[in-house]
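Below is one structure, written out as structure tokens; the observations come after it.
The values are calculated or read from the model by the stated rules, or taken from the named source; none is laboratory data. Worth saying up front: this structure is predicted, and the values here are computed from it rather than measured. Neighbour counts are summed over all protein chains in view; Cβ atoms, including those assigned to glycine, are modelled from backbone coordinates with ideal geometry. Ligands, DNA and RNA are stripped out before the accessible areas are found, and what is left, the full protein with its side chains, is counted by its heavy atoms. Shrake-Rupley method; radii C 1.70, N 1.55, O 1.52, S 1.80 Å.
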Amino acid sequence: ESSFLGGEATVVRQDNRLRNKLVLVAEIPLAGTVIGLARLKLEHTASGGEALLIAYKAAKLALTEWDPQLQTLETLSLHYYEKDDLPAAPWELPLGDYVNYLTADPGRRCAAFKFGSRNLAILPFKQASEDLDMQDWDEDLDGPRPTAADKGTNGEKESGESEEPAYLPSFVLRLPLLDPTLLHPVDVVFLHEYREPTFGILSGAT
């Protein structure tokens, strides 16, 4: 109200075209029922952004990243867990019939995938060399100092390239072996500000 201050009245016109809005860039069909998503900061991605880890109902993980040239998701690796020779009781249901869920470490160092009745898969990711060079590392307390030269993979490379993958071999934990009372896991959550990935498990009563 410039006229109230003795000046000339000014009409301000708002241009609605300047407002933020969502634009559909791509619509991508996925091979299965998605039950979880997790974003991960990898050392190198084609777009420079974060990667996306997709969990499927049938105990499968797909590590993907956005391809800015093709305008689509590129699958970096696939990780199958329904084929693992895991000990199971004869009355247990197929893996896809359980409530499975995915969660990622806040430091983006690994992801945890609960599948089946009491199985937890851990998929570690390689860190940048500067993250591994910690000045206060104590080998007596913390074990051998990790290096960026660790190699290995248990996923299937989709692109067929020979470059080193961004992840390390995954492994599966049977929750009752961690604690005999973990018979009915309900949720898993990673805790913040720990040097090593640390998670808590919520389990129902037996």
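Observations on the structure shown:
- Summarising the label geometry, the points placed 7 Å from Cα in the beta-carbon direction at residue 101 and residue 23 lie 3.7 nm from one another.
- Remark: the residue 82-residue 164 segment gains 27.0 nm on full extension, using 0.36 nm per residue and subtracting the alpha carbon distance.
- A straight chain from residue 177 to residue 93 at 0.36 nm per residue would run longer than the Cα-Cα distance by 28.2 nm.
- Using a Förster distance of 41 Å, the FRET efficiency for residue 72-residue 184 (Cβ separation, nearest 0.05): 0.55
- In the context of the full protein assembly, residue 118 retains an accessible surface of approximately 50 Å², using a probe radius of 1.4 Å and ignoring ligands and nucleic acids.
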